[in-house]
Each structure stands twice: as structure tokens, then as C-alpha cells.
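Beneath this line is the structure, given in C-alpha cells, with notes to follow.
Every number here is computed from the coordinates shown, using simple stated rules; none is lab data. Note that the structure is a prediction, hence the values are computed from the model and not measured. In this analysis, Cβ positions are derived from the backbone assuming ideal geometry, glycine residues included, and neighbour counts consider all displayed protein chains.
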Amino acid sequence: MRRVVLILALLAPLAASHASIDAFPFDDPAKEQRYRRLSEELRCLVCQNQSLADSNAELALDLRRKVYEQVQAGKGDGEIVDYMVARYGDFVLYRPPVRPRTWLLWFGPLLLLLTGSVVLFRFVRHRNAEAVAEAGELSAAERARLAALLRDDDGGRE
Amino acid sequence: MKTRFVLPLVVFGLLVVMFYFALVQIGKGEYNPRDIPSPLVGRPAPSFILPTVADPGVELDDAAFAEHPVSLFNVWASWCTACRQEHPFLMELARQGAVAIYGLNYKDQRADARQWLSRFGDPYLASAFDAEGRVGIDWGVYGVPETFVVDRAGRVRHKHIGPLTRKVWDEKIMPLLATIRAEES
């Protein structure tokens, strides 16, 4: 029981991790939703492996403020994203767009998995075939023993 | 050697060559995987109007670029240590009169900025005071220092990320200046 309490206590901070670092006031919950979603879809260009929502960098704060202002001003999601991409390029999208330039990024892992699977499959099959070939033919005595064993099994199943 | 051993070896060899090449480029400072290419290159410079660092009553706007065949727009700040690195080179450029240099003082305090310029020297024809960094966002600034090359027509021709060095100047900017000057004639 104590262990359960300890684990829960250690996990509790995770609930707080989604709390916003900024205090941007919203009257409209729908707008707040959009702001949060946009902050998660845009990348922080300083801490490049984090979204705007997650990053503590000052630029991230500035850009979040920009998103906030534009959401409040009634700009659409597409407009706001276009605004950022016009200034920072595709890299500002946290989820990379699927373009010919990013095909390798998106489909590469799947390709590697398939290739690896094929190679593995062929390797295993080849090795099994080799193992059988190495074992060689059964001698006459072994064949007789095999037949006897098989017959015994059948008999045992009755 | 069995063919199925050759193929992974070849792939490994190719990877070694690729990684070595990349590491050498990074070591020479010619490649930084964290650099973000600017979508502004080849497009008109974002228009702006800001008070100058020297005198809040005087303004600097993008019309300034039309006064010179080529201008540098250098993003700097008194709190930026890398800017100290490139500063002597900017001073040299200003002394030579090679190119017009304008500054964008990014997210700084006016007093600190002025003190920095008087202490180390002022290579700028004028520095725009972008206290909140809003003009910086329009230019796609994500770090300091950054330097833009803008032609007379107000088009961004190049963006350099990080301190501007003689090497970058000789290898990347000079050829560009020659191209731009040739376009003018």
C-alpha cells in the first residue's frame, strides 16, 4: 500500500506538466482551445525538438504571444500557420508536412522495417535449409527407428 | 567472400564516408544542422519602421535599403556574446566602406545598447531599436547574431546565421555582392 502511495505521489507532477507557463487571458474557451492546439503544432526554433507549448525559450514565449494575439484578433488556424511558415519556413511546423523532400523522413522507417524483415526472413530460411542439408540423409537404421517411433505415436493416441 | 557479406560492408563503408564528410563540414563551421534556411531569401524584405537606438525621435525604416546598392541588416544585442565576436569584423567593413551596414537591436535596453556601441564602436549607419522583437519575428529572426543581405530593390538576397567572419565574407558574401553589382549595370 505504501508503495502505491509513493508511486502515485511521484506521478502527481505529471498532471501539472500541461499547465501553461504563460497567463494569456481568454474570454472564449474555443479560442483558448485553438491557441493551445496551435502552440502544440508549431515548433520552437531555439529548442528545436520541442513545440511552442513545451518550450521555455524566450522566442517561444514571443511566438506564443503572437499566436495569442492573432487568435484573439479572429485569424483562422490556417492563416496563423501560414504567417509562421512565411517567416520561418516549413521547419516551424512541428509535424513535418508530407512533401517529396520529406518522403524519406515519413516512409523511411517503414521501408527499413520491410527491408529488414525480408532480409531476416531470407536469412532464417537459408540457415534452416543449410541446417537440414548439414544433417545429411538418414541412414537405413535411423529410418527404421523413425518409422517405429511414428507408428508408436499413432498407437499411443488411441 | 560471400556476396551476402559484401553488401552490408559496402553499406557500412558508405555510411562511414557520409558521416566523416558531415563531421568535417561541422568541424569547419560550414555546416550546422540546426541552421534554419530563411524563406525570405529572394523575396522582398519585410517592411518596418522603428525608432533608432541613438535617438528615439529619429526613425529607421526599410526605405533605407533603397539608398545603397547593397546593405547588411545585422541583428545584434548588448547581451549577445557572439555579437562581440563579429563586431571587430563589422567595424573593419564599416571602415572600408565596403557595404552599408544597418543594425537591428533585438530585445535590448536602449541604455545598454548605447553603452555597448560607445564602448566597442558603432559600425552601423543606424540601428533600429526593436525592444519587443516584433520586427525580428517578421524577419524570421530566431537567434542573435544574424545578418541579412538586402539589395537596392529591397529584396533579401542572403541570410547568414551566427557571427559574420572574414571567411564567410570572402566565400559567400563577396561573390553575391559582385552578382548584385553586375545586375545594376
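Sequence-distant contacts, meaning Cα pairs under 8 Å at least 6 residues apart, place the relative contact order of region B:125-185 at 21 percent. A DSSP coil position with no more than 12 other Cβ atoms inside 10 Å describes the following GluC sites (Glu not before Pro) in region B:63-159: B:132. Angle between the Cα long axis of helix A:2-16 and the longest principal axis of chain A, 0 to 90 degrees, nearest 10? Orientation of helix A:2-16: about 50 degrees from the principal axis. Close amide H partners of residue B:75, meaning residues 5 or more places away or on another chain with modelled amide H under 5 Å apart, are B:104, B:146, B:147, B:148.
Among DSSP bridges having both ends in the protein assembly as shown, what percentage is antiparallel? Round to the nearest 5. Mind showing how you got there, number by number?
On the way: 18 of 29 bridges.
Here the share of antiparallel DSSP bridges comes out near 60 percent.
Using C-alpha pairs below 8 Å separated by at least 6 residues, the relative contact order for chain B is 27 percent. Counting only other chain Cβ atoms within 10 Å of each residue's Cβ, the peptide A:82-93 averages 4. Of all DSSP-defined beta bridges confined to chain B, some 60% are antiparallel rather than parallel.
Starting from one equal scatterer on each C-alpha and no solvent at all, send me the Debye-based log10 I(q)/I(0) for chain B at q = 0.13, 0.14 Å⁻¹, two decimals. Log10 I(q)/I(0), no solvent term: -0.68, -0.77.
Rounded to 0.05, the FRET efficiency of the residue B:12 and residue A:117 pair, given R0 = 22 Å and the Cβ-Cβ distance, is 0.65.
For chain A, the longest principal axis of the C-alpha atoms and the axis of helix A:29-41 are separated by about 60°.
Number of Lys pairs in the protein assembly as shown with C-alpha atoms less than 13 angstrom apart, excluding same-chain neighbours closer than eight positions?
4
Calculated FRET efficiency, residue A:125 to residue B:32, Cβ-Cβ distance, R0 = 41 Å: about 0.35 to the nearest 0.05.
Annotation: average projected area of the protein assembly as shown is 34.8 square nanometres, based on the convex hull of Cα atoms across all directions.
The shape of region A:52-158 can be summarised by an equivalent ellipsoid whose semi-axes, obtained from the alpha carbon gyration tensor, come to 69, 18, 12 Å from longest to shortest.
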